[in-house]
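K.L.:
Handing you this structure, nothing more for now.
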Amino acid sequence: MHRLARTGGTAELLRWLAGRAEGWAGIVGPDGTVLHAAARTAGAMVPDVAGLVAESANALAERGVQAYSVDTGEHTALLFPLGGFPLSVFPQGVFPQGVGDPAVPVLAVVTPRPVAAGLSTLLADVVLPLSLCLQAEILERKRRRVDLAESRGREAVLHLLMTGQLSIAQQVAGALRPRLPDPVRVCVVECSGDDRDEVARVCVDADGGRSWIVRCPVYARHLILVMPAGDAEDAEDAEDARDAEDAEEKAPEPGAAPTDETVAARVGDCVVGVSEPVPLADTATGYRQAFHALAVARELPTRHARFGVSPDPALVVGPAGRRWADELLNPLLTHVPRRAQDPGSQELLATATSWLAFSSHATDHLKVHRNTLAARLRLIGDLLGLNLHRLADQAALDLALRVRATPAPACTPEVPSSAPPVPYVSGTSTSVDGLDAILCRPAVRDWADQQLAPVLGDQQLAPVLGAEETLRTWLRCEGRLGPAAAELGISVPGARKRLTRLETVLQRSLLRPPSARYDLWLALRSRDLAAARQ
C-alpha cells in the first residue's frame, strides 16, 4: 500500500483497492460527484454510485460517524471520509458545502456480497496514505499553476520590452524578482530536449538570480536572459540584495566568469549567444543581436559567441531617415478601428514587429490564431500601401519600425547630395520610393560596406562558396530556400549548406528568424545604388 502511494499516487491505490474488493473504488464528493475512480475490469457492473454515495454521505454527515455501509442486495457500498480536504481545493471546482461541515471527499468502495473478511479494516488503513497522496497531488497542481502564472507574467514583461513599452514593463516586473536592470545584455541559450528548467536553474545559480529569465514563447528550446551589463549595475544589485525583498539574491564574487560563459561551460550540450550592452529600452535590438550570435556559436567548439560590433541601420539613416519613417508609418500610427473589438494602432504595430522578427512563429509570440495574424497583416499592408509578401517592402517596414523604436538616435549629420535618386526596384511599392534617397547617404553606404565586407570583400571566399551569387539569389527569391536552390541549379540541402556557411562568415542568422535578410537586402540595395551613380 505504501509502495503504491509513493510510486503511483491515488490512481494506483484506487486500482489496487478495486482489485482487492473485486469491484469498484473511487473518491467522490458528498453530492455523488466522482473525482477519481477505478474498477476491477472495464465492464464491471456496479449500482448507481452517485445515488449510493449521496445517500451515504448524508448519513455520514447526520450521524457524525467515521465509516458507513449500504447494502443493495447484490452489492455493499463502504464509505470512509477523507478528513481535512474541503472540496473547494479541488481543481474541478467548488462543490456544495451543505452536506456536513466541513464537506470532504469520501473514499467509496462497492464490492459484491458477502464482503470479504478484513476488507473494512483494509479500507480504514488506506485512508491515511490516500489522504496524503491527495494532498500531495493537490499541492503539485497548485505549484504548476503558480509556475505557469509566473512564466506567463515574465513572458508578458518581455513582450512589453520587445514592443518598446518600457514603463508598463517595469510596473509589471515590480511584482516579480529580480528588478529589470538597465543597461542590459540579452542572452539566448539554446538547450537540448526538455532541459530548459534545469538550464534555468543553472543560470540562477551562476549569477545569483540577478538576470531576468524567460522561457522563449516562440522556440521551445530557447531561454532568454536579460542580464545586467556592467560593474555599476553589479554593485547596485549587490546593494539591493541586502534589502528584505531581495535577501535571497547574491551578487557574484569579484572576478567570476560572466553568466553566459559559465552556463556554456557547465551545460555540455547548450549553445549561447550574447548581445552588446544596450539600454533596457532597446531590448528588441539586444535580442536580435543575441540571436545572430547564437547562429555563430553553433559552429564554434566553445558553443558561445558574443555579437560583433555592427551599428544598427536605424542609427545611420539621419534626420531624413526619421522623417521618412514617420511618413511611412503615419497611416498605421493614426489608425482608429471602426469597431471596439478591432485592433488599434498599438496592437497593429506590435503585430508587425513580431511578424517581421518571427515570421509565422508570431502566432506563438502574440498568442493569436494564424487567421487573426493574416487578417492583421492584410490590414497593415492596406494601411501602408505595402505588399508584405515582397522582401523589399518587408525590409522597408522593418527599418521604419526600428528607426521609430530607436530613442534619440545619434544620427549622422545630413550631407546634401546633388545626384538624382536612382529608381526603386521594379515592382516595389511607390510608398517606399523615398527609401532610395536614404540608402544613398554616405553613412548608410559605409554601414552597407561593413555589413557585406565578409562576403564581397574577400576575393578568395566568394569563388569557393559562390557567396555573392548565393546571397543575391536567395534575397531575390524572397528569402525562400526552394526557389533559390532551383535558380542556383543545386539541391535544397546544398543551398542550405551554403547559407549555413554564410551565417558563420557574416556572423548573422539567415535561415531562422529573426533573420539578417532585411539588413542584407538594404545593404545590397545601398551598394547597388552607389555603383549605379558611378
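The values are calculated or read from the model by the stated rules, or taken from the named source; none is laboratory data. Keep in mind that what you see is a predicted model, and the values were worked out from it rather than measured. Neighbour counts are summed over all protein chains in view; Cβ atoms, including those assigned to glycine, are modelled from backbone coordinates with ideal geometry. Protein only, heavy atoms only, side chains kept; ligands, DNA and RNA dropped before computing areas. Shrake-Rupley method; radii C 1.70, N 1.55, O 1.52, S 1.80 Å.
K.L.:
Can you name every residue in the range 268-300 that is over 18 Å from residue 510 (Cβ atoms) and without any contact (Cβ under 8 Å) to a residue 60 or more places away in the chain?
P.N.:
Within the range 268-300, just 268 meets the criteria.
K.L.:
If you don't mind, there's one more thing I want to ask. Can we say residue 337 is within 27 Å of residue 167 (Cβ to Cβ) and assigned to a loop (DSSP other than H, G, I, E, B)? Let's see the steps before the verdict.
P.N.:
Details: within 27 Å of residue 167 (Cβ to Cβ): yes; assigned to a loop (DSSP other than H, G, I, E, B): yes.
Taking the combined requirement at face value, the residue satisfies it.
K.L.:
Given the conditions (1) assigned to a loop (DSSP other than H, G, I, E, B); (2) without any contact (Cβ under 8 Å) to a residue 60 or more places away in the chain; (3) of a type outside the set (S, T, N, Q); (4) buried (at least 20 other Cβ atoms within 10 Å of the Cβ), report the number of the one that residue 157 does not fulfil.
P.N.:
Status for residue 157: all satisfied but (1).
K.L.:
Just for the range 122-134: of the residues that are open to solvent by less than 90 Å² (accessible area, probe 1.4 Å) and without any contact (Cβ under 8 Å) to a residue 60 or more places away in the chain, which one is farthest from the chain's Cα centre (by Cα)?
P.N.:
If we take residues in the range 122-134 being open to solvent by less than 90 Å² (accessible area, probe 1.4 Å) and without any contact (Cβ under 8 Å) to a residue 60 or more places away in the chain, then 124 is farthest from the chain's Cα centre (by Cα).
K.L.:
On to the next question. Take the range 326-340 and flag every residue that is among the hydrophobic types (A, V, I, L, M, F, W, C) and surrounded by 12 or more Cβ atoms within 10 Å (Cβ to Cβ). So that I can check it myself, show each step before the final result.
P.N.:
From the range 326-340, those among the hydrophobic types (A, V, I, L, M, F, W, C) are 328-329, 332-333, 336, 340; that's our starting set.
Residues satisfying the conditions are 328, 329, 332, 333.
K.L.:
Being at pLDDT 50 or above, within 25 Å of residue 506 (Cβ to Cβ) and more than 29 Å from the chain's Cα centre (by Cα) is true for just one of 446, 393, 433. Which residue is that?
P.N.:
Numbers: 393 fails: more than 29 Å from the chain's Cα centre (by Cα); 433 fails: within 25 Å of residue 506 (Cβ to Cβ).
Exactly one of 446, 393, 433 is at pLDDT 50 or above, within 25 Å of residue 506 (Cβ to Cβ) and more than 29 Å from the chain's Cα centre (by Cα), namely 446.
K.L.:
Of the residues in the range 513-528, how many are part of a loop (DSSP other than H, G, I, E, B) and of a type in the set (Gly, Ala, Ser)?
P.N.:
Our first condition is that a residue be part of a loop (DSSP other than H, G, I, E, B); within the range 513-528, this holds for 513-516.
If we keep only those that are of a type in the set (Gly, Ala, Ser) as well, we get 515-516.
So the count comes out to 2.
K.L.:
Can you find a residue in the range 344-353 that is within 22 Å of residue 479 (Cβ to Cβ), open to solvent by 20 Å² or more (accessible area, probe 1.4 Å) and assigned to a helix (DSSP H, G or I)? Reasoning before the result, please.
P.N.:
Within the range 344-353, the subset within 22 Å of residue 479 (Cβ to Cβ) is 351-353.
Keeping just the survivors that are open to solvent by 20 Å² or more (accessible area, probe 1.4 Å) gives 353.
Those left that are additionally assigned to a helix (DSSP H, G or I): 353.
Yes, the range 344-353 contains at least one residue that is within 22 Å of residue 479 (Cβ to Cβ), open to solvent by 20 Å² or more (accessible area, probe 1.4 Å) and assigned to a helix (DSSP H, G or I).
K.L.:
Inside the range 298-314, can you point out the residues that are among the hydrophobic types (A, V, I, L, M, F, W, C), buried (at least 18 other Cβ atoms within 10 Å of the Cβ) and more than 22 Å from residue 212 (Cα to Cα)? First the steps, then the outcome.
P.N.:
Within the range 298-314, the first condition is being among the hydrophobic types (A, V, I, L, M, F, W, C), and the residues that meet it are 300, 305, 307, 309, 314.
From the residues that got through so far, the ones that are buried (at least 18 other Cβ atoms within 10 Å of the Cβ) too are 305, 307, 314.
Of everything in the range 298-314, just one residue is among the hydrophobic types (A, V, I, L, M, F, W, C), buried (at least 18 other Cβ atoms within 10 Å of the Cβ) and more than 22 Å from residue 212 (Cα to Cα), namely 314.
K.L.:
Okay, next question. What number of residues within the range 354-372 satisfy the criterion of being assigned to a helix (DSSP H, G or I) and farther than 24 Å from residue 326 by Cα?
P.N.:
10
K.L.:
I'd like to verify a number: residues in the range 480-510 that are in a loop (DSSP other than H, G, I, E, B), closer than 25 Å to residue 276 by Cβ and either open to solvent by less than 10 Å² (accessible area, probe 1.4 Å) or at pLDDT 90 or above (or both), how many?
P.N.:
Residues of the range 480-510 that are in a loop (DSSP other than H, G, I, E, B), as a first pass: 480, 489-491, 507-510.
From the residues that got through so far, the ones that are closer than 25 Å to residue 276 by Cβ too are 507-510.
If we keep only those that are either open to solvent by less than 10 Å² (accessible area, probe 1.4 Å) or at pLDDT 90 or above (or both) as well, we get 509-510.
Residues that pass the stated criteria total 2.
K.L.:
Criterion first (touching a residue at least 12 places away in the same chain (Cβ under 8 Å), of a type in the set (Ser, Thr, Tyr) and outside any loop (DSSP other than H, G, I, E, B)) does residue 167 satisfy it?
P.N.:
On the way: touching a residue at least 12 places away in the same chain (Cβ under 8 Å): no; of a type in the set (Ser, Thr, Tyr): yes; outside any loop (DSSP other than H, G, I, E, B): yes.
When the stated conditions are applied, residue 167 does not pass them.
K.L.:
So, one more: Could you check, for the range 306-317, whether at least one of its residues is in contact with a Cys (Cβ under 6 Å, 6 or more places away or on another chain) and either at pLDDT below 85 or within 21 Å of residue 501 (Cα to Cα) (or both)? Don't jump to the end; show me each part of the working.
P.N.:
Of the range 306-317, the ones in contact with a Cys (Cβ under 6 Å, 6 or more places away or on another chain) are none.
No: zero hits.
K.L.:
Of all residues being open to solvent by less than 50 Å² (accessible area, probe 1.4 Å) and at pLDDT below 85 in the range 217-233, which is nearest to residue 514 (Cα to Cα)? Just the residue, please. Lay out the reasoning, then the answer.
P.N.:
So in the range 217-233, the residues open to solvent by less than 50 Å² (accessible area, probe 1.4 Å) come out as 217-219, 222-230, 233.
If we keep only those that are at pLDDT below 85 as well, we get 229-230, 233.
On the way: 229: 22, 230: 26, 233: 28 Å.
Only one residue tops the list, namely 229.
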